[in-house]
Amino acid sequence: MNAIRTLFTLLLAAAVLAACATRVERIGVEEVRDLSGEWNDTDSRLVAEEMVSDVLSRPWLTEFQQRTGRRPAVIVGTIRNLSHEHINVTTFINDIERELINSGKVDFVAAPHERGELRAERKDQELNASEETRKPMGQELGADFMLQGDISTIIDREGKRQVRYYQVDLTLIDLATNRKVWIGQKKIKKYVVGKSVRP
Amino acid sequence: MARGDMSGWLVAGAAALLFLSGCAAYHERMAAVDEALARGQVDEALKALDADGREAREQDYPLYLLNRAMILRQRGDLDGALLALAEAARRAEEAAVISVSEQAAAATVNEGRRSYAGAPYERRLIHVFLALTYLELGRLEEARVEALQIDLISKALAEKGEPDDPFARWLAGIIFEALGEWSDARIAYDKALAAYTDEGSPYALPPPRQLQRDLVRATRAVGLADEARRLRERFHLAADDPTLDPEAYARQGEFIFFYLDNLAPLWRETNTLVQATEGGHLVRIALPYAVPRPSPVERARVRADDHEATAERAEDIARLSVTYLEGQMPKLVGRAIVRAVAKEKAVDKVQKEGGAVLGLIMNIATVASERADTRTWSLLPDNVRLARLLLPPGTYPVRVILEDRDGRVLARRDLGEIFFRAGDKRWRSFHWIDPRIARWWTVPPDPEWIRIHVHGG
């Protein structure tokens with residue numbers, strides 16, 4: 001009888017455990033919740049905040065302002081994903097752009113893919129907008145500096161345990177001289193222990 | 001316990017067994033999909049797979065996604081294939097963690113109650129096909145992520161004794177080379193060569209000539225001239241071979257072609273009687289056996305005007321499938337016997353305590369629930385072949401020609417006009433499925449196989 005009871009108990013347990021339903025809960029966008037240990041929105045935001053704060057506190061900014069009497073115009077170039085993950089680099093670039101613009105210390109120039117659309121609009125205005133509201137061609141603000149960089153990872157793994165090391169390197173380059181005026185680096189290290197058993 | 005209460009429990013148990021045993025086995029459900037693919041009706045194949053997928057249990061969902069990705073690739077929906085493969089990779093990784101409830105169900109009902117995590121070679125091939133799909137979309141940086149994933153999963157699999165996959169390494173090298181990362185490319189090519197020549201590994205194959213040239217070129221590119229010369233001499237490559245010179249190579253366009261041949265082995269079910277150690281009585285067990293589906297294609301040539309290359313065999317997936325299943329047989333047989341004995345005892349008890357009718361119901365339930373786990377990523381190709389065709393800058397009509405061993409043309413496929421500038425690389429694949437694929441559906445297991453794997457030789 002025990003064998004049968006065990007058999008039925010196991011079957012019942014299997015059926016019950018298989019029936020767990022999906023649960024959804026809204027959480028604040030600032031709330032930190034790491035699930036897989038992979039690069040997430042919190043990493044993107046924190047790295048952007050810290051690196052922008054660093055770049056804006058360095059001498060190149062005051063030197064430029066003293067030399068030209070105006071704020072530098074910056075453009076974000078390519079930030080390569082050299083990591084093990086499909087990181088959404090666009091989100092990271094957007095975080096950097098937001099921090100830079102909101103600082104009020106630099107002017108920001110639209111990226112190449114955005115400029116195409118803006119130029120098409122100005123061309124359209126030449127034909128269709130009134131003279132008072134028309135925006136002429138050839139008046140764009142040229143960038144003084146370009147921000148480039150990459151995100152790379154080193155993953156050390158043994159069984160279910162792994163250390164995930166992320167390194168973000170950014171470089172600010174003077175477009176006129178190709179001189180590197182700032183190099184920033186931010187590292188994140190995570191220790192992740194995977195599940196060893198599921199229900 | 002009162003006899004009436006007992007009967008209720010027993011009927012419920014028998015019903016649960018029947019319910020959990022599922023319906024048709026995987027290999028039976030895939031017949032309609034295979035047939036449509038063999039006829040070249042990709043939309044029909046997708047419809048048949050999706051109809052099955054809608055009813056798929058959660059445990060089978062990763063496999064549904066993997067097969068869906070292969071059909072979407074056939075259909076030219078590479079973005080859809082990426083989504084399916086990425087989701088399958090995530091689910092397969094989750095499924096690889098042991099589940100208490102699934103173990104219990106597998107011990108009492110059948111092996112198919114476990115979530116499909118895929119064989120180790122399949123889990124790595126998910127990243128290979130992700131990389132390949134990104135390449136075909138021209139998304140080289142994302143293909144690079146998959147090359148790193150291949151490295152990561154290869155290390156994890158090596159810890160468990162799984163040999164390295166030379167094709168995966170070769171593909172990673174090609175990706176690194178395309179990005180100008182010669183050092184990483186050289187390491188990957190070197191690992192590929194080592195894995196091709198790893199005696200006893202199911203991945204071992206005669207090293208492709210193209211890979212040898214790739215390794216020499218990458219070795220020269222990183223400045224190891226003496227080592228490159230030694231390798232060139234070891235591989236008997238001509239000193240003036242233009243494909244060995246990284247600079248000359250960069251002045252050409254390149255068409256990198258992957259030929260995916262037919263379909264991977266089907267796993268079918270066989271029922272057999274074995275003698276249980278405990279009690280010594282005969283029990284019926286259901287086991288999977290592999291039916292390879294080799295194709296008649298001997299040569300896959302890719303031609304652009306008067307430039308031509310023959311794709312070389314880079315991966316023998318059929319061998320990986322058969323070897324993996326053979327390696328699993330002792331465990332499968334052992335667990336099947338334990339399960340069969342437990343089920344028989346349960347039937348015995350029910351018959352004694354619940355009467356003949358309940359005993360019969362329980363017996364039917366236990367027999368019906370005993371199914372072999374025939375799940376395998378069967379829409380993978382039987383084998384993969386690779387060609388790298390160098391082309392001077394220009395526009396070329398690119399065509400694939402498949403021939404049998406007598407030189408008869410089995411299929412031709414125009415891949416369209418492709419424009420190459422110096423240094424341009426274009427990646428394309430072609431998956432051909434034998435129109436006579438149905439002939440493999442009814443192949444019985446080899447009696448010798450049963451003797452060796454089931455009855456222990």
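Just so you know, all these numbers are worked out from the coordinates, no wet-lab data involved. Remember, it's a predicted structure, so these values are computed and weren't measured experimentally. Cβ atoms come from the backbone with ideal geometry, glycine included; neighbour counts cover every protein chain shown.
Brief remarks follow.
- Counting only residues that are in contact with a Ser or Thr (Cβ under 8 Å, 6 or more places away or on another chain), free of Cβ contacts under 8 Å to residues at least 40 places away in the same chain and small (Gly, Ala, Ser), the stretch B:98-127 holds 1 of them.
- Matching residues, the stretch B:123-157, being within 14 Å of another protein chain (Cβ to nearest Cβ), farther than 23 Å from B:Phe420 by Cα and out of contact with any Asp or Glu (no Cβ under 7 Å at 6 or more places or on another chain): B:Ile126, B:Glu146, B:Ala147, B:Leu148, B:Gln149, B:Ile150, B:Asp151, B:Leu152, B:Ile153, B:Lys155, B:Ala156, B:Leu157
- Every residue from the stretch B:22-71 that is surrounded by 15 or more Cβ atoms within 10 Å (Cβ to Cβ), closer than 19 Å to B:Trp441 by Cα and hydrophobic (A, V, I, L, M, F, W, C): B:Ala25, B:Met30, B:Ala31, B:Ala32, B:Val33, B:Ala36, B:Leu37, B:Ala38, B:Ala45, B:Ala48, B:Leu49
- Residue among B:Ala346, B:Ala336 that alone is more than 16 Å from the chain's Cα centre (by Cα) and under 30 Å from B:Pro292 (Cβ atoms): B:Ala336
- Taken over the stretch A:116-174, the criterion of being among the charged types (D, E, K, R), surrounded by 13 or more Cβ atoms within 10 Å (Cβ to Cβ) and part of a strand (DSSP E or B) is satisfied by A:Asp150, A:Arg157, A:Arg164, A:Asp169, A:Asp174.
- Residue match in the stretch A:177-194 (condition: within 19 Å of A:Ser44 (Cβ to Cβ), away from every other protein chain (no Cβ under 14 Å) and aliphatic (A, V, I, L, M)): yes
- Where a residue in the stretch A:99-122 is within 20 Å of A:Met51 (Cα to Cα) and its partner, wherever it lies, is among the charged types (D, E, K, R) and surrounded by 14 or more Cβ atoms within 10 Å (Cβ to Cβ), with Cβ under 7 Å and at least six apart: A:Glu99/A:Glu49; A:Lys105/A:Arg71; A:Val106/A:Arg71; A:Asp107/A:Arg71; A:Phe108/A:Glu97
- Of the criteria (1) within 14 Å of chain A (Cβ to nearest Cβ); (2) surrounded by fewer than 21 Cβ atoms within 10 Å (Cβ to Cβ), which one B:Gly394 fails: (1)
- For the stretch B:205-223, the set of residues classified as in a loop (DSSP other than H, G, I, E, B) and either free of Cβ contacts under 8 Å to residues at least 12 places away in the same chain or within 16 Å of B:His236 (Cα to Cα) (or both) consists of B:Pro206, B:Pro207, B:Pro208, B:Gly223, listed by residue number.
- Sole exception among (1) under 30 Å from B:Ala172 (Cα atoms); (2) away from chain B (no Cβ under 14 Å) for A:Val52, by number: (1)
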